[in-house]
Amino acid sequence: MAPGERLAADLGAVICFEDEAGQGLRPPKGRSWAPRGRTPVFRVRGRRAGWVSIAGVLCFKPGDRLRLWRGRKGERRGFTWSEYRDLIVATHNQLRAPMVWIWDNLNVHKAHELIEFIDANRDWLRVVHLPSYAPDLNPNEGVWSLLKRSLTDFAAADLDHLVRVVKRKLKKIQYRPDVLDGCLTQTGLTLTTTP
């Protein structure tokens, strides 16, 4: 991350890692307790109907508290280039600072319209793409892992219920800067300040 870190230091920018995830009505697989020889069976409603797509942004600036911004859009499994643009603008409006935006090589991230938007806003926005097939370099993966683990014992009644629970669980993670710092630490990346 040295090039992105130097770029952020030169611009006085915040480093923002973006990633997306999703959750359906069927809870993720997890472990449960039961008497030996009696496999527990959990009935789940929904039959895979409904999906919550989530885009999250982890923002780092040495000396500041870590921030997690999150967004949710309908039932589609993906986001359009304009929704990514809106997420970038919303994050910029919240931070009120230049940003170095780091994300993966998803096709939508390289859409012609999004590239034009990025080029038009070079005074406050720089974009760095993570290497292909390197999700372990994105601290958001740790956030999604924590979220999925917290949903293993949960069966939503409907999509609105799932949305409320996902938002609540992300808000709990958001207010635990030590946990978010741990998500950065697990990537092996560090933020250093040079005198």
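All of the numbers you see were taken from the coordinates with simple rules; none came from a lab. The model shown is predicted, which means the values in this text are computed figures rather than measured ones. Note that each Cβ is placed from the backbone with ideal geometry, even for glycine, and that neighbours are counted across all protein chains shown.
Backbone geometry of the range 84-95 corresponds, through the Karplus equation with coefficients 6.51, -1.76 and 1.60 at θ = phi - 60°, to 3J(HN,Hα) couplings of 5, 4, 5, 5, 4, 5, 4, 5, 4, 5, 6, 7 Hz, x marking Gly and Pro. In plain terms, the C-alpha convex hull of the range 75-195 casts an average shadow of 9.7 nm² when viewed from every direction.
The H on the amide N of residue 22, modeled in the peptide plane, is under 5 Å from the matching H of 54, each at least 5 residues off or on a different chain.
Under 5 Å between amide hydrogens, built in the peptide plane, is the criterion, and for residue 127 it picks out 101 among residues at least 5 positions away or on other chains. Note on residue 128 and residue 168: the model spin-label points, each 7 Å out from Cα along the C-beta direction, lie 3.7 nm apart. Taking the Cβ-Cβ separation of residue 175 and residue 26 as r and a Förster radius of 30 Å, what is the calculated FRET efficiency to the nearest 0.05? The value I calculate is 0.60.
For the range 109-125, backbone phi angles converted through the Karplus equation (6.51, -1.76, 1.60; θ = phi - 60°) give residue-by-residue couplings of 5, 10, 4, 4, 5, 5, 5, 4, 4, 5, 5, 6, 10, 5, 6, 10, 9 Hz, Gly and Pro being listed as x.
The lysine pair count for the range 107-195, using Cα distances under 27 Å and pairs eight or more places apart or on different chains, is 4.
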